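Encoded as C-alpha cells, the structure appears first; notes follow it.
Just so you know, all these numbers are worked out from the coordinates, no wet-lab data involved. Nothing here was measured: the structure is a model prediction, and the numbers come from that model. Cβ atoms come from the backbone with ideal geometry, glycine included; neighbour counts cover every protein chain shown.
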Amino acid sequence: QKEVEQDPGPLSVPEGAIVSLNCTYSNSAFQYFMWYRQYSRKGPELLMYTYSSGNKEDGRFTAQVDKSSKYISLFIRDSQPSDSATYLCAIRDNYGQNFVFGPGTRLSVLP
Amino acid sequence: DVKVTQSSRYLVKRTGEKVFLECVQDMDHENMFWYRQDPGLGLRLIYFSYDVKMKEKGDIPEGYSVSREKKERFSLILESASTNQTSMYLCASSLVPGPPKQPQHFGDGTRLSIL
C-alpha cells in the first residue's frame with residue numbers, strides 16, 4: 001500500500017462549481033498536511049497547510065483533515081479557469097525533514 | 001520574490017554519461033532539495049542539504065550524488081546516467097526549519113531524457 005493515495009483524475013468541472021480533492025494516507029504518525037498547486041511546466045507552490053483535524057479556510061480554499069479516517073480534502077469554492085492545475089497533497093511526520101507527496105490530481109475548470 | 005533557478009529546462013543525454021543539474025536560489029535559504037517527479041508517483045526526494053557541504057539522503061538516492069559548495073547552489077549529479085533516470089527533476093529551497101512552517105520554493109524543473 002502506498003503511503004499516500006490520490007485519485008489522479010483528470011477531473012473536469014464547469015466554472016463556478018465546488019471542487020473536492022482528496023487524499024488518503026496510511027501512517028498515523030503523520031502530523032502535517034499540505035496542499036500544493038502545480039501549473040503546467042511550473043514547479044509546485046504551497047497553497048495551504050494544517051497540522052490538526054478540522055477545517056482551515058483561506059479565501060476560496062478550505063483544507064479539511066480527518067485524522068481518525070486518515071483522510072484529507074481540499075475544497076475549492078466558485079472554481080475559476082485559473083484554478084486548472086495539478087493539485088498535490090503532501091504529508092509529514094513530526095520528526096523528519098522529509099515528507100511524502102501524493103501523485104497529484106489534474107483539475108480542469110471549463111469556462 | 002524568491003527565485004529558484006534551474007540551469008536547463010530540457011536536457012537530453014546518453015546512457016553512461018555523467019550528468020550535472022544545477023540549481024541556484026537567491027534568498028539565502030539554508031535548506032535545498034532535489035526531487036524527481038514521475039507520472040503516478042508524485043514527487044520523490046532524492047537528496048537534501050541543510051547547510052553548505054552538508055547532505056542527507058532522501059528516499060531514492062541510488063545512482064545520484066549532490067554537491068553544495070556554496071549556500072546558494074545545489075547540484076545534482078547522475079554518476080552514470082541510465083534510461084530509468086529519465087524524469088522531471090525539481091529543485092526547491094526553504095528557510096529552517098523547513099516545510100510546512102517555512103514553505104519550499106520550487107524551480108520550474110528540468111525535463112531530462114536519457115537515450
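Rounded, prolate or oblate: which one fits the protein assembly as shown, using the alpha carbon gyration tensor with axes a ≥ b ≥ c (rounded when a/c is under 1.5, else prolate when a/b beats b/c, else oblate)? Cα axes put the protein assembly as shown in the prolate bin. Arranged from fewest to most other beta-carbon atoms within 10 Å of their beta carbon, B:83, A:86 become B:83, A:86. Averaging Cα coordinates gives a centre for segment B:14-78 and one for segment A:1-73; these two points are 26 Å apart.
Using the Cβ-Cβ distance between residue B:80 and residue A:67 with R0 = 45 Å, the FRET efficiency computed as 1/(1 + (r/R0)^6) comes to roughly 0.55.
Over 25 Å between Cα atoms, which of A:70/B:3; A:67/B:55; A:56/B:55; B:3/B:53 qualify? Result: A:70/B:3; A:67/B:55; A:56/B:55 exceed 25 Å.
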